[in-house]
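Engineer: Sending over a structure as structure tokens; questions will come in a sec.
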Amino acid sequence: MKQGSSPEAAYELGRLYQLREVPDSAAYYFNRVPLNPKDAFSLVAAGRAALAQGKTAEAEAQFDNAVKASKGKDAKIFTLIAQAYAESDVKDITKATTYVDAGQKANKGKDEPMLMIARGDIYQKTDAGGGEAMNSYERASMADPNNVLAYYKKGELNFRSRNYNEARTNFEKAISLDPNYAPAYRDLAEMYYFANQYPLALETFQKYQKVAEQSPETDAEYASFLFLTKKYPESLTEIQKVLAKEPNNIAMNRLMAYTLYETGQNDQAMAAMDKYMKMVPADKLIKDDNLYYGKMLSKAGRDDEALALLQKAAQASPKDAGEIQGALAQTYMQKKDYPNAIKAFKAKMGGGAPLLTDQVLLATAYSSNKQYQQADSLYNLVLTARPTYAPGYQMRASNAYYMDPDSKQGTARPYWEKYVELAKADPTKYKDGLTTAYEYLGYYYFQKGDKAAALPYYQQLLALDPSNARAKAGIESIQGKKTATSARK
């Protein structure tokens with residue numbers, strides 16, 4: 001070891017690498033603690049080195065030697081051994097709990113906070129151990145009301161069980177005790193994200209970044225969090241910072257491709273995706289890789305290639321395929337394969353309460369497939385839920401026109417009239433829709449013989465579009481200067 005370093009420093013480095021799941025480095029640093037058969041601490045370090053390498057029996061032997069060296073009376077040694085199991089990937093807690101019980105006895109039945117925290121971490125390894133884990137963390141915070149880690153652990157467990165209010169309370173308590181305790185900010189930010197409180201999530205993560213150790217790893221976490229909260233341009237800037245230092249960072253290369261797509265740079269996104277996919281074995285690609293590459297290919301007009309990847313992504317994640325089915329549906333729409341688009345939109349909507357946007361998209365697919373009644377039923381649902389949604393009336397009117405192409409029954413009339421009522425407040429925004437509405441309504445009333453009702457629509461059409469030939473012809477016909485048939489030309 002370097003001059004000035006200590007066995008304790010080497011041990012803590014071993015713990016750090018163990019927590020980061022780098023077992024070889026963990027074992028290396030644990031083994032840097034000089035082994036002394038009479039020194040219980042060094043024997044614990046040797047046991048941890050063995051445990052990191054998966055040598056469970058050897059680890060148990062060293063831990064038992066540590067207990068003997070301390071004559072079974074040192075509660076600190078039992079706590080260190082309990083921590084060793086808590087921070088390892090050993091799932092069977094039988095042996096670990098014997099050391100916890102012995103540590104409790106050595107401490108004369110009193111709850112030692114770090115031992116209780118280790119006990120909680122050990123119980124979290126079991127399927128039904130959440131209750132005992134929380135009980136352990138509670139005992140730790142009662143034994144030491146200023147123990148930051150105890151409150152953080154309670155918050156972490158609350159978060160996992162989706163008890164967000166309690167999680168926030170415990171994370172905030174940890175932060176109040178230590179305003180520089182980075183993990184609490186990070187987990188609190190993640191909790192806000194999962195609760196769909198994106199502004200709070202981002203604000204809290206920025207606090208985490210200020211107090212966390214500055215490194216490419218924390219920069220990468222920040223870039224990922226910006227992406228998750230849909231701050232794509234900002235995420236791109238952070239990704240580029242990380243890649244400038246670590247050009248082969250797989251996670252950031254993946255996120256670079258995703259973010260370029262989200263910022264509308266599809267050609268660059270495809271190039272980044274090609275680069276990323278050369279870095280990763282095919283069997284290591286994740287569902288989102290196929291989803292994003294499929295969307296990129298679809299945007300580039302390579303529909304058949306896109307469909308192959310999107311179908312692969314859907315097969316890999318059948319229970320979580322909403323976004324994938326949406327991308328499939330849009331690609332089928334591009335191919336004008338409306339029956340398959342309808343199937344995909346239905347699959348995206350699933351059995352729950354569908355979003356209004358999904359109902360609109362499915363209605364559009366039905367209409368494109370000449371299933372006008374089915375489309376009309378969906379538009380009715382959308383407009384019942386959102387009676388002031390002007391584009392919905394435009395879509396319903398256009399669909400209704402195909403059920404009455406000669407406009408004799410006026411099927412589309414009430415929808416165009418409602419559209420005009422809503423859209424005329426912003427004629428610039430809705431110019432195209434108003435042009436169609438005025439043309440339809442003018443002609444409808446004209447061919448019904450109600451020239452007085454038709455004239456205002458042609459006049460509004462001409463005001464909106466002074467060069468519109470149909471408006472001019474309609475007005476001239478009503479005023480008797482041309483034949484009635486010219487109004488329809």
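Engineer: Do any trypsin sites (Lys or Arg not before Pro) in the range 50-79 lie in a loop, going by DSSP, with at most 14 other beta-carbon atoms within 10 Å of their beta carbon, and if so which?
Structural biologist: Working: sites: Lys55, Lys68, Lys71, Lys73, Lys76; in loops: Lys55, Lys71, Lys73.
Sites meeting the loop and neighbour criteria: Lys71, Lys73.
Engineer: Report, to the nearest 10°, how far helix 266-279 tilts away from the longest principal axis of the Cα atoms in the chain, using its own Cα long axis and a range of 0 to 90°.
Structural biologist: Roughly 30 degrees between the two axes.
Engineer: Going by alpha carbons, how many degrees (0 to 90, nearest 10) lie between the helix axis of 431-447 and the longest principal axis of the chain?
Structural biologist: Rounded to the nearest ten degrees, it is 30.
Engineer: Given Lys312/Lys348; Lys71/Lys105; Lys71/Lys153, which pairs have Cα atoms separated by over 22 Å? The partial results should precede the final answer.
Structural biologist: Values: Lys312/Lys348 16 Å; Lys71/Lys105 13 Å; Lys71/Lys153 31 Å.
Long pairs (Cα-Cα over 22 Å): Lys71/Lys153.
Engineer: So if each residue of separation counts as 0.36 nm, and I subtract the Cα-Cα distance between Gln214 and Thr388, what length gain in nm does that give?
Structural biologist: Details: separation 174, 0.36 × 174 = 62.64 nm, distance 5.00 nm.
Extending this stretch completely gives an extra 57.6 nm.
Engineer: By how many nm would the segment from Gln268 to Ala425 grow when fully extended, if each residue of separation counts as 0.36 nm and the alpha-carbon distance is taken off? Mind showing how you got there, number by number?
Structural biologist: Details: separation 157, 0.36 × 157 = 56.52 nm, distance 4.04 nm.
That works out to 52.5 nm of additional length.
Engineer: Are there trypsin sites (Lys or Arg not before Pro) in the range 406-474 that DSSP marks as loop and that have at most 14 other Cβ atoms within 10 Å, and which are they? Please list the in-between numbers first.
Structural biologist: Details: sites: Lys408, Lys418, Lys424, Lys429, Lys431, Lys448, Lys451, Arg470, Lys472; in loops: Lys408, Lys424, Lys429, Lys448.
Sparse-neighbourhood loop trypsin sites (Lys or Arg not before Pro): Lys408, Lys429, Lys448.
Engineer: Take the alpha carbon gyration tensor of the range 399-468, find the square roots of its eigenvalues, order them as a ≥ b ≥ c, and report rounded if a/c is under 1.5; if not, report prolate when a/b exceeds b/c, else oblate. Write out the running numbers ahead of the final one.
Structural biologist: Working: a/c = 1.93, a/b = 1.29, b/c = 1.50.
Here the range 399-468 falls in the oblate category.
Engineer: Right, here's the next one. Tell me whether the range 26-73 comes out rounded, prolate or oblate; compute the Cα gyration tensor, take square roots of the eigenvalues as a ≥ b ≥ c, and use a/c under 1.5 as the rounded threshold. Let's see the in-between values first.
Structural biologist: On the way: a/c = 2.87, a/b = 1.40, b/c = 2.05.
Since a/c reaches 1.5 but b/c is at least a/b, the shape of the range 26-73 is classed as oblate.
Engineer: Report, in degrees rounded to the nearest 10, the 0 to 90 angle that the Cα long axis of helix 356-368 makes with the longest principal axis of the chain.
Structural biologist: 50
Engineer: Carbon and sulfur together cover what percent of the accessible area of the range 117-258 at a 1.4 Å probe radius? Walk me through the numbers before you get to the answer.
Structural biologist: Numbers: 3290 of 6850 Å².
Looking at the range 117-258 in its full context, I get 48 percent from C and S.
Engineer: Shifting gears a bit: Quick one: Karplus J couplings for the range 458-475, per residue in order, coefficients 6.51, -1.76, 1.60, θ = phi - 60°, nearest Hz, x for Gly and Pro?
Structural biologist: Calculated HN-Hα couplings, in order: 5, 5, 5, 5, 5, 5, 6, 9, x, 9, 5, 5, 5, 4, 4, 5, x, 5 Hz.
Engineer: Determine the distance separating the Cα centre of the range 366-383 from the Cα centre of the range 100-169; give it in Å without decimals.
Structural biologist: When both Cα centres are located, 56 Å separates them.
Engineer: Can you work out the FRET efficiency for the pair Lys448 and Met277, with r the C-beta to C-beta distance and R0 = 41 Å, to the nearest 0.05?
Structural biologist: Numbers: r = 62 Å, r/R0 = 1.51.
It comes to 0.10.
Engineer: I've got another one for you. Can you tell me how the range 314-389 classifies by the Cα gyration tensor, rounded, prolate or oblate, using a/c under 1.5 as the rounded cut? Intermediate values should be presented prior to the final figure.
Structural biologist: Working: a/c = 2.41, a/b = 1.35, b/c = 1.79.
Oblate is the answer for the range 314-389, as a/c is 1.5 or above yet b/c matches or exceeds a/b.
Engineer: May I pose another question? Which whole-number percent of Cα pairs in the chain have a distance greater than 30 Å? Intermediate values should be presented prior to the final figure.
Structural biologist: On the way: 78515 of 119316 pairs.
Here the tail beyond 30 Å accounts for 66 percent of pairs.
The values are calculated or read from the model by the stated rules, or taken from the named source; none is laboratory data. Quantities reported herein were computed from a predicted structural model and do not represent experimental measurements. Quick reminder, even Gly has a Cβ in these numbers, built from the backbone with ideal geometry, and neighbours come from all protein chains shown. With ligands, DNA and RNA removed, areas are computed over all heavy atoms of the protein, side chains included. Shrake-Rupley method; radii C 1.70, N 1.55, O 1.52, S 1.80 Å.
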